[in-house]
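Undergrad: Questions regarding the structure given below will be posed in turn.
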Amino acid sequence: MTAAAPGVPGLRKAAAAVLALGLSAALAACSGDGGGGKGGGDPKLSVTGAYVSQPPLTDMAAGYLTVRNAGGGADELTSVTTPLASEVTLHTTQGTRMKQVSSLDVPANDRVELSSGGDHLMLTNLSHRPKVGEKVSFTLHFATSDPIEIKVPVEPTTYRPKD
């Protein structure tokens, strides 16, 4: 057994306590949010209000929905797939200008709303012209969250959801 250095009783105990405290703090900092530092938590996504307007043409339709994020971490809607169309693109609308984008942000504790006259999905090269009342399968793909599969009703061209 070795004795503590004269004049410094309990130095080893104090050093061990400081080291343990430092390691605990470092481990707590490393466990973080697991979401790549995108806002302090994981995204918790859900989809509401989804529909497709019955298209006036046979080769193109528009889709609308709201992605809600109840989590503390942000995410991005990166793509949407559906058997109804060979291509689905994401669009933003600013004023009267529509612009295709590669993704749409889904902020933490917020939502992204795709609505008529605003951000929306464009479905092109349709497999058929969907009829009112038909249900269409969509799969939403995100940067960090698992894909979400939904069934989307086809509504009349003039349909406007209630707020």
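Undergrad: Hey, Gly117 hits all of (1) at pLDDT 95 or above; (2) over 15 Å from Pro153 (Cβ atoms); (3) open to solvent by 20 Å² or more (accessible area, probe 1.4 Å) but one; which does it fall short on?
TA: For Gly117, the exception is condition (1).
Undergrad: Return yes when Gly118 is outside any strand (DSSP E or B) and either hydrophobic (A, V, I, L, M, F, W, C) or closer than 26 Å to Asp146 by Cα (or both) and no when it is not. Show your work before the answer.
TA: Numbers: outside any strand (DSSP E or B): yes; either hydrophobic (A, V, I, L, M, F, W, C) or closer than 26 Å to Asp146 by Cα (or both): yes.
Yes: the conditions hold for Gly118.
Undergrad: For region 99-114, how many residues meet the condition of being open to solvent by less than 40 Å² (accessible area, probe 1.4 Å) and part of a loop (DSSP other than H, G, I, E, B)? If you could, list the steps in order and put the result at the bottom.
TA: Step one: list which residues in region 99-114 are open to solvent by less than 40 Å² (accessible area, probe 1.4 Å), which gives 101, 103-104, 106, 108, 112, 114.
Filter again for part of a loop (DSSP other than H, G, I, E, B), leaving 103, 108.
Of the residues in region 99-114, 2 are open to solvent by less than 40 Å² (accessible area, probe 1.4 Å) and part of a loop (DSSP other than H, G, I, E, B).
Residue by residue, here is whether (1) more than 25 Å from Lys162 (Cβ to Cβ); (2) buried (at least 16 other Cβ atoms within 10 Å of the Cβ) holds:
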site: Thr48; (1), (2): no, no
site: Gln54; (1), (2): no, yes
site: Thr58; (1), (2): yes, no
site: Arg68; (1), (2): no, yes
site: Thr82; (1), (2): no, yes
site: Val88; (1), (2): yes, yes
site: Thr93; (1), (2): no, no
site: Arg97; (1), (2): yes, no
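Undergrad: Tell me, yes or no, whether region 58-68 has at least one residue that is within 20 Å of the chain's Cα centre (by Cα), in a strand (DSSP E or B) and among the hydroxyl-bearing types (Ser, Thr, Tyr).
TA: yes
Undergrad: Only one of (1) over 26 Å from the mean Cα position of the chain (by Cα); (2) among the hydroxyl-bearing types (Ser, Thr, Tyr); (3) part of a strand (DSSP E or B) is not met by Ser137, so which one is it?
TA: (1)
Undergrad: Something else now. Ser145 is checked against (1) in contact with an Asp or Glu (Cβ under 8 Å, 6 or more places away or on another chain); (2) farther than 17 Å from Met60 by Cβ; (3) assigned to a strand (DSSP E or B) and fails just one. What number does that condition carry?
TA: For Ser145, the exception is condition (3).
Undergrad: Among the residues of region 128-141, is any charged (D, E, K, R), closer than 22 Å to Val101 by Cα and surrounded by fewer than 17 Cβ atoms within 10 Å (Cβ to Cβ)?
TA: Taking region 128-141 as the starting set, the residues that turn out to be charged (D, E, K, R) are 129, 131, 134-135.
Subset that is closer than 22 Å to Val101 by Cα: none.
Checked against the condition, which is being charged (D, E, K, R), closer than 22 Å to Val101 by Cα and surrounded by fewer than 17 Cβ atoms within 10 Å (Cβ to Cβ), region 128-141 yields no hits at all.
Undergrad: Is it fair to say Lys151 is touching a Phe, Trp or Tyr at 6+ places or on another chain (Cβ under 9 Å), surrounded by fewer than 16 Cβ atoms within 10 Å (Cβ to Cβ) and not small (Gly, Ala, Ser)?
TA: Values: touching a Phe, Trp or Tyr at 6+ places or on another chain (Cβ under 9 Å): yes; surrounded by fewer than 16 Cβ atoms within 10 Å (Cβ to Cβ): yes; not small (Gly, Ala, Ser): yes.
When the stated conditions are applied, Lys151 passes them.
The values are calculated or read from the model by the stated rules, or taken from the named source; none is laboratory data. None of the values given here were measured: they were computed from a predicted structure. Note: ideal-geometry Cβ built from the backbone for every residue, glycine included; neighbour counts use all protein chains shown. To get the accessible areas, we keep the full protein, side chains included, count just its heavy atoms, and leave off ligands, DNA and RNA. Shrake-Rupley method; radii C 1.70, N 1.55, O 1.52, S 1.80 Å.
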